[in-house]
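The next block holds one structure in the form of structure tokens; read it before the comments.
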Amino acid sequence: MSTATDTVNTNPDSHGHDSHDDHHHHIPKGLMRWVLTTNHKDIGTLYLWFAFIMFLVGGAMAMVIRAELFQPGLQIVEPNFFNQMTTVHGLIMVFGAVMPAFTGLANWLIPMMIGAPDMALPRMNNWSFWILPFAFLILLSSLFVEGGGPAFGWTFYAPLSTTYSGDSTALFVFSVHIMGISSIMGAINVIVTIFNMRAPGMTYMKMPLFVWTWLITAFLLIAVMPVLAGVVTMVLTDKYFGTSFFDAAGGGDPVLFQHIFWFFGHPEVYIMILPAFGIISQIVPTFSRKKLFGYASMVYATASIALLSFIVWAHHMFTTGMPVFAEMFFMIATMIIAVPTGVKVFNWVATMWRGSISFEIPMLFAIAFIILFTIGGLSGLMLAITPVDFQYHDTYFVVAHFHYVLVTGAVFSIMAAVYYWLPKWTGRMFDITLAKWHFWCSLISVNVLFFPMHFVGLAGMPRRIPDYALQFADFNKWISVGGFAFGLSQLIFLALVIKACRKKGEKVSSQVWEGAEGLEWEIPSPAPYHTFDTPPTVK
Amino acid sequence: MKFLQTAFGALLLSTPIMSLAQSASERSNINLRPGVTDISQQVFGLHMMMFWICVAIAVIVFGVMFYAMIKHRKSAGAKPANFHENVKVEIAWTVVPFLILIAMAVPAASTLLDMEDVSKPDLTVLVTGSQWKWHYKYMDNDVEFFSTLATQPEQIRNKFTKSENYLLEVDRPLVIPTGKKVRFLITSDDVIHSWWVPDFAVKKDANPGFINEAWTNVNEPGVYRGQCAELCGKDHGFMPVVVIAMEPEEYEAWIVEQEAIAQRAREEEQRLLAMNMSMEELMTTGKQVYDSVCAACHMPNGEGLAGVFPAIKGSAIATGDDLNPHIDIIVYGKAGTAMQSFAKQLTMSEIAAVITYQRNAWGNNTGDMVQAKDINAVMNGE
Amino acid sequence: MAQDAPQQYEKYYVPEQSVWPIVGAIALFLIAVGAGNYVVEVSKDKSGYGAYVLIAGLITLLVMVVGWFKNQIDESMSGLYSAQLGRSYRQGMAWFIFSEVMFFAAFFGALFYARVIAVPWLGGASNNAMTNEVLWPGFEAMWPLVSTPGGTETQAMGWLGLPLYNTIILLVSSVTLHYAHVGLEENKRKQLTWMLGLTILLGCIFLGLQGYEYVHAYRDLGLTLQSGIYGNTFFLLTGFHGLHVTLGTVILIVLFFRVLKGHFTPKEHFAFQAGAWYWHFVDVVWVMLFFFVYIL
Ligand code: HEA
Ligand code: HEA
Ligand code: CUA
Ligand SMILES: [Cu+2]
């Protein structure tokens, strides 16, 4: 197995900057390389592929949902199965696709951006990753348990998830437990790496924004994933051990579940967007050929969003009958988040202002992100207005809101990041024609998919229903068509990434993009297996 | 045609939303309804205010951005400037949004206070959700009933054409008077449901074990339709709410009539206790009751849903020699499961019939007959 | 600039491949599958393979922990570690403890919510007058909730007696552990050994008394996991705390044997420090528990 001495024997003079470094470390071959690896780049790749596969799986479930909703009436699936699809789609996209994708990017990029040889705790890094495929194997296989998989929404409100749920609930609970363990370890690794592994001269206020946003995200993760673990534990004991946390007869309260869940859940949604802000803050300056506007205020804004995220959770619970002063408090706290988020949007626009802008693929995605995320953010602001949320709550208006921030927000930012750094990872330019097709098809179809959801939501279509009243029929047809088109567009992306991984395409220089700045652009492309054995000095 | 209309609306977002919203007082395909209460109209006003402010912000932000993208693009020969800070601008775009938010929050807070003021109601209705129906109880009168989906299963299964109010129709709507402050006490027997009537801007969760309060004061008589708005299991999508608002005099007449009907039903029940129904009668009524009430869970073929709802076909309780467990589970339900007590929802003769049906349908050929008096014996120990 | 780099720079030890993480992942997989099935089997009273898978998982986890730590200890003993790596471990441990704090916070949150909100509301407080009048007539809010709205009766657990002794025992154990640490830092091996041994002993006594208290609760007070929110929060909080004490004791025992083998130096003793932090953390949680669960 790993003989520790190997690493130590490597030439101490080797410089991260030249690729002859590779000769000193043999890169292990075959399947076992991936299973046993401690290399942050390998692990980053694993995370990214895993996330992509989960995106396809979760997307396939969304296709089932959209197919059933294509027309009124029940045609393809039974209501119970429909609910399983909705639930598992939400869970997979959130915990299986978006979060691991960001962790994969963190693994690849943070050490390269701060000049570290690897993540601070490389073995634990491997453990964090390999828990995930098992966790999702359990979750997916629970669909085949008698009575079906979880069918209570990704928010698993009690008592639907306790007294009234199927036998697969225990599997669901334990799979959430272990994916929580994975996230916490991943986050600890990120924090420790950033605190402790920066190259000399890389002060906090010199760190690239992607690193900053991830630092704050990691803090959120460590703060709230254990709370999720706590609440699933209570679900488990309520269901199987006769406790009554969420049962009034024993002095508990079903709404208690929602408070604990959303105390986790709201920071969770920012966990899925803060790294995206970081990515956009890397990409926009590059293609505007101008320094990021308001670096310091970006950092403060990120921190403010994170802090505020702990005191807004009950905006998901306006209809639960909280006392009116609580509703008021959560309304106002939620609205305030628009301010730091606005600062970010304005800073990006100001960065583009009087820049020298060019529209390479990553920039296209970044621009789409800024516009579409803002649309999603503004609808979020409408949701925050309590009296009107009574009308919006649990309708497709909410579904439209969160797909704008999640799909055209988080997912688009991930795609932007992949396009931006893929040449650095593979050493070759990706297929630009395919990429353009991917972008434009996605952009158009995603809006056909999610924009009309605002309309059906306002007109009164509840979410999580397999069948609907006739006045929603026209729009739902278009939503489904948009959905299929968006799904197919992602197959272009799949083709492109496979092609890139097989090292097709033109070789690129170490800087790749004309305006790119940062340590990762100073090392060769593809980035050598080990970088920065000797830390660079940052001026 | 209708699609063209709406697609057009989607394209030219703003004006059609306004005009459609105002013209179609009950239903719009793309916007919130102004509704029929003062509160719902205030809410609609807030919604439109929010909408326009958001549009304005979006136009400004995207406008500046597109201007930069066109004017300051490299291919047009733009050279990058090198500013990256400007304290004044940064303060401005922190403070201005704050002011906008305050402008939003003030009217919102005042509407909210009105909505949550449930004091001094003219009448009170207890609304109880359960999987998957609503139960209404008039607290000041001796009237209570269940309200379940009236759409035929064949329509849902695409065998019959769908009626106009597909999925939004119930067997017994809630009736309330116009011009009166009606208070709703909302709760649930099992999981969380949410009672929602868009035209009243009332949506409140029905939490088991707790009572939430809401109120409305309807201006116009009419039929108002809504749906359960909290995922409550398999048939969450099939749990509509229908409310009829009537002029107060009409309402008074209605409620008196309902009390009389309830009285007659009790007498009928007593009369039936003394009678025996024939097997055929039992089986016909039993099938009706089963299909409309029990089949949601135990399935029309009696096979249930493996792992969630047990099969009645071949079940030990439904085929055992002892009738009591079978009667018990329907009369009392089973605590902590979705199998609730049906004593309130069904009459004794209906319970007798459905048990007989369960014991003889789908090959459960026990030959047993259960009569209303057997149920009475269990329920009242007679 | 470039000249001073070598001075600050020590080689950061990046281990090459390791089997232990994947073994750990498989262990968690088996535990999750096993527990997931076992729980259902127990509640439905049917037999199955859940328990076996669970046990297999736990054994695998044990193997992994032993193997991984052995690796680490070997590396540490052969001088591969740098000060920077030591910092990584320390910070990692600190953040791990923070995550544990948040786990307990969820349960404390449930406790506060039940006491301050749910139970009073069931009794008609705030905007819930109707809740009490219509659904739970006659129910009166109280804490400890010895009579639930559903009618379950139980008795409350006082704080005098056992809980108080236990508090004192744990507090003393924190002090003894501190002196063990001082002994290690001042290279007084005897003090280290004795104080560490004493800490372990106190930990075991605590666990014993806690077990006795549970028996007392079940047998004499009718206070069980099923007796409403009071029993729920009581058992889950003290139970998870007890699990942590157990884990902490095991860690201390391992450290004890390593001390006997002469491991750790006054400067290099990350494992010891981590164990000590953990123990102090468990102690602080107990103080919170004693205050909020027993006294108030
Ligand atoms: C990435 C994920 C993400 C992000 C970033 C957000 C961001 C926001 N969300 Fe969203 N939200 C979700 C994911 C997300 N949300 C999910 C998944 C749900 C549903 C969960 C479920 O029930 O399943 C949800 C639900 C949800 C609700 C509950 C709705 C309901 O169920 O009734 C609310 C209510 O307040 C809300 C509000 C907000 C607000 C105010 C923001 C703000 O952060 C947005 C801030 C951004 C802007 C405002 C735009 C940019 C700013 C400017 C251009 C400045 C100028 C602006 C002004 C001064 C107005 N969200
Ligand atoms: C990051 C998170 C994320 C992402 C990326 C998505 C992506 C998509 N989601 Fe969403 N969604 C959620 C998070 C997300 N979702 C959450 C949290 C919920 C709430 C769940 C709940 O209520 O509990 C939800 C709920 C939700 C609903 C509401 C369901 C309901 O209320 O009943 C719908 C309905 O249309 C939907 C659709 C889609 C579609 C069409 C996509 C598309 O973008 C997906 C596109 C991707 C693919 C399609 C995969 C690629 C293609 C293939 C695998 C090939 C096969 C393709 C074809 C056959 C065409 N999602
Ligand atoms: Cu009842 Cu949804
Ligand atoms: Cu939120």
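The values are calculated or read from the model by the stated rules, or taken from the named source; none is laboratory data. Bear in mind the structure is a predicted one, so any value in this text is a computation, not a measurement. Heads up, the Cβs are rebuilt from the backbone with ideal geometry, glycines too, and the neighbour counts pull from every protein chain shown. Each accessible area value is taken on the protein alone, full model and side chains, heavy atoms only, with ligands, DNA and RNA left out. Shrake-Rupley method; radii C 1.70, N 1.55, O 1.52, S 1.80 Å.
A few notes on this one:
- Of all the residues in the range A:456-474, those that are in contact with a helix residue (DSSP H, G or I) (Cβ under 9 Å, 6 or more places away or on another chain) and open to solvent by less than 10 Å² (accessible area, probe 1.4 Å) number 11.
- Flag if B:Ile192 is open to solvent by 20 Å² or more (accessible area, probe 1.4 Å), of a type in the set (A, V, I, L, M, F, W, C), in contact with a Leu (Cβ under 8 Å, 6 or more places away or on another chain) and modelled with pLDDT of 95 or more: no
- Considered as a group, the residues in the range A:261-272 that are open to solvent by 10 Å² or more (accessible area, probe 1.4 Å) and under 29 Å from A:Leu422 (Cα atoms) include one that is farthest from ligand 2 (Cβ to nearest atom), and that residue is A:Tyr270.
- Restricting the first member to the range A:120-132 and to residues that are within 13 Å of A:Thr193 (Cβ to Cβ) and open to solvent by less than 10 Å² (accessible area, probe 1.4 Å), and the second to residues that are assigned to a helix (DSSP H, G or I) and modelled with pLDDT of 95 or more, the beta-carbon pairs closer than 6 Å and six or more apart or on different chains are A:Ala120/A:Val192; A:Ala120/A:Thr193; A:Asn125/A:Ile43; A:Asn125/A:Asn189; A:Ser128/A:Ser182; A:Ser128/A:Met185; A:Ser128/A:Gly186.
- Some residue of the range C:10-21 being over 27 Å from C:Phe264 (Cβ atoms) and either among the polar types (S, T, N, Q) or in contact with a Gly (Cβ under 6 Å, 6 or more places away or on another chain) (or both): yes
- All of A:Trp513, A:Trp521 fail the test of being touching an Asp or Glu at 6+ places or on another chain (Cβ under 9 Å) and touching a residue at least 60 places away in the same chain (Cβ under 8 Å), apart from A:Trp513.
- Just one of the listed residues (A:Ala485, A:Ala473) is more than 27 Å from the chain's Cα centre (by Cα) and outside any loop (DSSP other than H, G, I, E, B), and it is A:Ala473.
- Residue tally, condition surrounded by fewer than 16 Cβ atoms within 10 Å (Cβ to Cβ) and more than 25 Å from the chain's Cα centre (by Cα), over the range C:60-75: 1
- Test result for C:Trp121, more than 18 Å from C:His269 (Cα to Cα), buried (at least 18 other Cβ atoms within 10 Å of the Cβ) and either touching a Phe, Trp or Tyr at 6+ places or on another chain (Cβ under 8 Å) or more than 9 Å from every other protein chain (Cβ to nearest Cβ) (or both): yes
- Hey, A:Ile305 at the interface with chain B (Cβ under 9 Å from one of its Cβ atoms) and in a helix (DSSP H, G or I) or not: no
- All positions within the range A:495-509 that are crowded, with 16+ Cβ neighbours inside 10 Å and modelled with pLDDT of 90 or more: A:Leu496, A:Val497, A:Lys499, A:Ala500, A:Val508
- A single entry from A:Ile337, A:Ile357 fulfils the requirement of being of a type in the set (A, V, I, L, M, F, W, C) and under 22 Å from A:Thr213 (Cβ atoms): A:Ile337.
- Number of residues in the range C:104-137 that are farther than 15 Å from C:Asn232 by Cα and touching a Leu at 6+ places or on another chain (Cβ under 9 Å) equals 9.
- Positions within the range B:59-85 being over 30 Å from A:Met331 (Cα atoms) and more than 8 Å from chain A (Cβ to nearest Cβ), in sequence order: B:Phe66, B:Tyr67, B:Ile70, B:Lys71, B:Ala76, B:Gly77
- Selected residue (only one of C:Gly86, C:Gly92, C:Gly57, C:Gly34 is open to solvent by less than 60 Å² (accessible area, probe 1.4 Å) and without any contact (Cβ under 8 Å) to a residue 12 or more places away in the chain): C:Gly92
- Candidate set from the range A:303-351 (those that are open to solvent by 10 Å² or more (accessible area, probe 1.4 Å), among the small types (Gly, Ala, Ser) and farther than 22 Å from B:His193 by Cβ); member that is farthest from ligand 4 (Cβ to nearest atom): A:Ala350
- Of A:Gly73, A:Gly104, all but one fail to be open to solvent by less than 20 Å² (accessible area, probe 1.4 Å) and in a helix (DSSP H, G or I); the exception is A:Gly104.
- Lone qualifier among A:Ala326, A:Ala314 - being more than 7 Å from every other protein chain (Cβ to nearest Cβ) and more than 10 Å from ligand 1 (Cβ to nearest atom): A:Ala326
- Any hit, the range A:361-382, residues being at the interface with chain B (Cβ under 7 Å from one of its Cβ atoms), more than 25 Å from A:Ile465 (Cα to Cα), more than 23 Å from the chain's Cα centre (by Cα) and away from ligand 4 (no atom under 16 Å from the Cβ): no
- Within the range B:212-235, being free of Cβ contacts under 8 Å to residues at least 60 places away in the same chain and either of a type in the set (Val, Ile, Thr) or more than 14 Å from ligand 3 (Cβ to nearest atom) (or both) holds for B:Asn212, B:Pro221, B:Val223.
- Residue-level check: of (1) part of a helix (DSSP H, G or I); (2) out of contact with any Ser or Thr (no Cβ under 6 Å at 6 or more places or on another chain); (3) open to solvent by 10 Å² or more (accessible area, probe 1.4 Å); (4) under 30 Å from B:Arg73 (Cα atoms), A:Phe439 misses just (3).
- Looking only at the range B:167-177, and only at residues there that are in a loop (DSSP other than H, G, I, E, B), farther than 19 Å from B:Met139 by Cβ and open to solvent by 10 Å² or more (accessible area, probe 1.4 Å), the one that is farthest from ligand 2 (Cβ to nearest atom): B:Asp171
- Taking the numbered list (1) within 26 Å of the chain's Cα centre (by Cα); (2) more than 23 Å from B:Lys203 (Cα to Cα); (3) crowded, with 22+ Cβ neighbours inside 10 Å in turn, A:Gln490 passes all entries but (3).
- Any hit, the range B:128-150, residues being aliphatic (A, V, I, L, M), surrounded by 20 or more Cβ atoms within 10 Å (Cβ to Cβ), within 16 Å of ligand 3 (Cβ to nearest atom) and under 16 Å from the mean Cα position of the chain (by Cα): yes
- The listed residue being in contact with a Pro (Cβ under 7 Å, 6 or more places away or on another chain), open to solvent by 20 Å² or more (accessible area, probe 1.4 Å) and within 12 Å of chain A (Cβ to nearest Cβ), out of C:Ser147, C:Ser126: C:Ser126
- Answer from A:Val255, A:Val232 - the residue that is under 19 Å from C:Val40 (Cβ atoms) and of a type outside the set (D, E, K, R): A:Val232
- Residues of the range B:307-335 classified as surrounded by fewer than 16 Cβ atoms within 10 Å (Cβ to Cβ) and within 29 Å of A:Phe144 (Cα to Cα), total: 5
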